[in-house]
Amino acid sequence: MSNLLRLLGRRLVALPFMAFGVTFLVFFLMSFSKYDPATAALGSDATPQALQAYRQQMGLDRPWYEQFFRYIGGLFRGDLGTYGVNRDSVAKRIGDAFPITLQLTFISLFIGAVVAIIFGVLAALYRDTWVDQVIRVLSIIGIATPSFWLGVLLIFLLQIQLGWLPASGDLVPFTADPGEYMARMAMPCFAMALPLAGQMTRIIRTSMVEELDKDYVRTAIGAGVPRRVVIARNVFRNALITPVTVLGMKIGYLMGGAIVIEIIFALPGMGTALFDGINNNQPQLVQGVVLVVALSFIIINIIVDMLYVLINPRIRTV
């Protein structure tokens, strides 16, 4: 039996327990919120009788553990609750916002990974030369640049000063107008991709250098195998093992960074939904957003574990 199937089985068995733990933690922490859901839903002008009736109707007057299991029951039905005076659906709001956050995260991930692979490989192949030194300086600049600061700078330069790119949150679907979509996603994606590219460039460069110094590389080249073939078929693939693992962890940080970037660029994603929930005293919305993001992070890390086994031939099979 392959290690891949065993690892997948263990992760799938552990997934419900991790999901339950995350749900419990989020619900438990949100129960300490000083904001009253009844007041947030009905407004500060509501009478005490109306507030009490709302609490009884929504089960808010019951102990928190009873509310928790009621919430769990709703999750199995796809019901994340309601928020606001109009009792809007949390699930619908997240359903509209989550795809935008995913698009922002994975476009930034793709850009950062491609740039890091190119620069990291070049730095390793031309180590200790002027190429390596220039790439090292650029990667340090990327690492030291906060995404939120870069986002504000890009808006000031490219939108306000030069008027080259729009910074409005009115995101146009890619299928409707690809050019407009890419124009509106360019600045937030670049702001998130640059720090990631800087970090991953250093990791890929280090992994490549370690592989290039191993005996099998010198043996293969000495046996007459072209150097470019050894690098493409063996060195590069083996050097990706560590970066892929790190990149999986970075996805969670990218999603967290996307929340801040969405607020800066007014993108209607999970960050905007979270900000609205906090700003408007809507703990149900905050709870739903945090829960979905946390569960997404768990699932993404399981997928990364699978990729790690596929890439690493030494642990793929018993």
Study note, to complete from the structure: Per the filter on segment 60-95, residues among the small types (Gly, Ala, Ser) and either surrounded by 13 or more Cβ atoms within 10 Å (Cβ to Cβ) or assigned to a helix (DSSP H, G or I) (or both) are Gly73, Gly74, Gly81, Gly84, Ser89, Ala91, Gly95
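Somewhere in segment 138-148, is a residue more than 30 Å from Pro166 (Cβ to Cβ) and in a helix (DSSP H, G or I)? So that I can check it myself, show each step before the final result.
Within segment 138-148, the subset more than 30 Å from Pro166 (Cβ to Cβ) is 140.
Now drop any that are not in a helix (DSSP H, G or I), which leaves 140.
Within segment 138-148, one or more residues are more than 30 Å from Pro166 (Cβ to Cβ) and in a helix (DSSP H, G or I).
Within segment 61-102, which residues are among the hydroxyl-bearing types (Ser, Thr, Tyr) and within 30 Å of Ala186 (Cβ to Cβ)? Walk me through how you get there before you give the answer.
As a first pass, look at segment 61-102 and keep what is among the hydroxyl-bearing types (Ser, Thr, Tyr): 65, 71, 82-83, 89, 101.
Correct list: Thr101 only.
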Practice item. Select from segment 166-193 the residues that are open to solvent by 50 Å² or more (accessible area, probe 1.4 Å) and among the aliphatic types (A, V, I, L, M) and write down the one among them that is nearest to Ala144 (Cα to Cα). Key: Met182
Check your understanding: Do we have any residue at all in segment 190-210 that's more than 23 Å from Ile111 (Cα to Cα) and assigned to a loop (DSSP other than H, G, I, E, B)?
Key -> no
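Considering only residues that are assigned to a loop (DSSP other than H, G, I, E, B) and more than 18 Å from Phe148 (Cα to Cα), which ones fall in segment 251-289? Give the steps one after another, and end with the answer.
Residues of segment 251-289 assigned to a loop (DSSP other than H, G, I, E, B): 266-269, 280-282.
Correct list: Asn280, Asn281, Gln282.
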Check your understanding: Does segment 152-160 contain at least one residue that is touching a Phe, Trp or Tyr at 6+ places or on another chain (Cβ under 6 Å) and either surrounded by 14 or more Cβ atoms within 10 Å (Cβ to Cβ) or in contact (Cβ under 8 Å) with a residue 24 or more places away in the chain (or both)?
Key -> yes
Exercise for review: Restrict the check to segment 228-251 and report whether at least one residue is in contact with a Phe, Trp or Tyr (Cβ under 8 Å, 6 or more places away or on another chain), open to solvent by 30 Å² or more (accessible area, probe 1.4 Å) and without any contact (Cβ under 8 Å) to a residue 24 or more places away in the chain.
Suggested key: yes
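Any residue at all in segment 268-277 that is at pLDDT 80 or above, among the β-branched types (Val, Ile, Thr) and out of contact with any strand residue (DSSP E or B) (no Cβ under 8 Å at 6 or more places or on another chain)?
Going through segment 268-277, the residues at pLDDT 80 or above turn out to be 268-277.
Subsequent filtering for residues that are among the β-branched types (Val, Ile, Thr) retains 272.
Still in the running and out of contact with any strand residue (DSSP E or B) (no Cβ under 8 Å at 6 or more places or on another chain): 272.
Yes, because at least one residue in segment 268-277 is at pLDDT 80 or above, among the β-branched types (Val, Ile, Thr) and out of contact with any strand residue (DSSP E or B) (no Cβ under 8 Å at 6 or more places or on another chain).
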Exercise for review: State which residue pairs qualify: first residue among the acidic types (Asp, Glu) and inside segment 282-307, second residue open to solvent by 30 Å² or more (accessible area, probe 1.4 Å) in any location, beta carbons under 9 Å apart, and separation of 6 or more residues or different chains.
Suggested key: Asp305/Leu8; Asp305/Arg11; Asp305/Thr245
**Study point:** Residue, nearest to Ala97 (Cα to Cα), within segment 194-203, restricted to residues that are under 20 Å from the mean Cα position of the chain (by Cα) and open to solvent by 40 Å² or more (accessible area, probe 1.4 Å)
**Key:** Leu194
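Yes or no: Thr206 polar (S, T, N, Q), buried (at least 21 other Cβ atoms within 10 Å of the Cβ) and modelled with pLDDT of 85 or more?
No; evaluated as a whole, the condition is false for this residue.
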**Study point:** Failed item in (1) outside any helix (DSSP H, G or I); (2) within 16 Å of the chain's Cα centre (by Cα); (3) not polar (S, T, N, Q), with Val225 passing the rest
**Key:** (2)
Study note, to complete from the structure: Residues in segment 119-130 that are more than 21 Å from Pro243 (Cα to Cα) and either in contact with a Leu (Cβ under 9 Å, 6 or more places away or on another chain) or outside any helix (DSSP H, G or I) (or both) total 2
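The values are calculated or read from the model by the stated rules, or taken from the named source; none is laboratory data. Predicted, not measured: the structure shown is a model, and the values here were computed from it. Neighbour counts are summed over all protein chains in view; Cβ atoms, including those assigned to glycine, are modelled from backbone coordinates with ideal geometry. Accessible surface areas use protein heavy atoms only, side chains included; no ligands, DNA or RNA. Shrake-Rupley method; radii C 1.70, N 1.55, O 1.52, S 1.80 Å.
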